[in-house]
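Down below is the structure, laid out as structure tokens.
The values are calculated or read from the model by the stated rules, or taken from the named source; none is laboratory data. Since the model is a prediction, treat every value here as computed from it, not as a measurement. Cβ: placed from backbone, ideal geometry, glycine included. Neighbour counts: every protein chain shown.
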Amino acid sequence: MASPGGAFEPGRNSVALLKIAPRFEALNFLLNPLVSIAALLTLIPYLAAAFFGEASIAWTQRLPLWLRLFAPCLLCVPYALVAGSAGILGWRGVVLYASLPVAIGVLLWQAGQADPEQRGNWRDFLVLATLGLAVDLRWFESLWPPHLAIFSKILLLDAGIYAFLALRGMRGVGFDLRLKLRDAAIGLRELAFYTPVALALGLSLGFLHLHSGRPGVVRIVGAWLFTFFFIAVPEELFFRGWLQNLLEGRVGRIGALCITAALFGLSHFNKRAAHFNWRYVVLAALAGIFYGRAWRSGRRIGASAVTHASVDAIWGLWLQ
């Protein structure tokens, strides 16, 4: 089954990580106190917005404008801690993670001033293109120690979350991970709609392969939770909460759904293949339709992330 938009190879990555994490050379490195502090600092903006969104945004609104605009430069601190612990700290990385989040924030603050109706400003799409390409093409991963490039992805996510929600003030994103029963119901409904389509097409194309694995409950739950928080939610926030949300003001609900799904599919062109992986693109684009439907049913990232994480976990555990 098809996966999220390019930060990882979906269920496969989460399951593989759970299988081989004890053998990762990065595991001992993660036990370094400085790296642990960096991980905490990296996750705080993400989790604060996900679980205390209104309160955290209200707190930032009380800050002077200049401080609100330049606060994202602090995202260079986790980079400095991780790279410094590995002995690869360089000025390029510090400058990048101090300046790029500020530039993103300034652009989206300007977009908010120029486009209060939130129909989508050129600055919005420039920021989205920059974030998407940086993650999908792995522009900055060489600045990090092996196996720890996930820090870069989450730091870019933090920059986007702060800029779109606290500075741009984007409405209707639905980035609230205090899940409701309705989120689960919508997410599982779209999973039920997509699964037979994906199975029929994926098996006929030779992209999916059934195998008789019997993973235990711990492995299933672990794979799903990892996928939900570190793959599905970030990518649903990018593609549905930001991109589809903005496009609706330009091309309407159906047009936004189709364009976002197509871009979501294309973001998989270089996954699991040395060349253009058209099978993956097709299945991911179809998945994007159902993820987009889940999001817009209640305008909740949690709903589409339930569908997304479930698809990826099933694929990683039973179909890859």
Conditions (1) assigned to a helix (DSSP H, G or I); (2) in contact (Cβ under 8 Å) with a residue 40 or more places away in the chain; number of the one not met by Ala256: (2)
For segment 18-62, which residues satisfy the criterion of being among the β-branched types (Val, Ile, Thr) and either at pLDDT below 90 or touching a Phe, Trp or Tyr at 6+ places or on another chain (Cβ under 9 Å) (or both)? Ile20, Val35, Thr42, Thr60
In segment 179-200, what count of residues is obtained for those that are surrounded by fewer than 17 Cβ atoms within 10 Å (Cβ to Cβ) and assigned to a helix (DSSP H, G or I)? 12
Members of segment 75-92 found to be among the aliphatic types (A, V, I, L, M), surrounded by 15 or more Cβ atoms within 10 Å (Cβ to Cβ) and either touching a residue at least 12 places away in the same chain (Cβ under 8 Å) or touching a Lys or Arg at 6+ places or on another chain (Cβ under 6 Å) (or both), listed by number: Leu75, Val77, Ala80, Leu81, Val82, Ala83, Ala86
Within segment 45-56, count every residue that is under 13 Å from Leu165 (Cα atoms) and surrounded by fewer than 17 Cβ atoms within 10 Å (Cβ to Cβ). 3
Of all the residues that make up segment 61-74, how many are surrounded by 16 or more Cβ atoms within 10 Å (Cβ to Cβ) and outside any helix (DSSP H, G or I)? 0
So which residues in segment 128-155 are in contact (Cβ under 8 Å) with a residue 12 or more places away in the chain, outside any loop (DSSP other than H, G, I, E, B) and farther than 20 Å from Gly112 by Cβ? Gly132, Ala134, Val135, Asp136, Leu143, Ile150, Phe151, Ser152, Lys153, Ile154, Leu155
All but one of (1) over 24 Å from Ala313 (Cβ atoms); (2) more than 19 Å from the chain's Cα centre (by Cα) hold for Leu137; which doesn't? (2)
I'm checking my understanding of the structure. Among residues of segment 95-127 that are in contact (Cβ under 8 Å) with a residue 60 or more places away in the chain and outside any helix (DSSP H, G or I), which one is farthest from His268 (Cα to Cα)? Glu117
In this structure, does Leu237 turn out to be buried (at least 17 other Cβ atoms within 10 Å of the Cβ) and under 20 Å from Ile161 (Cα atoms)? yes
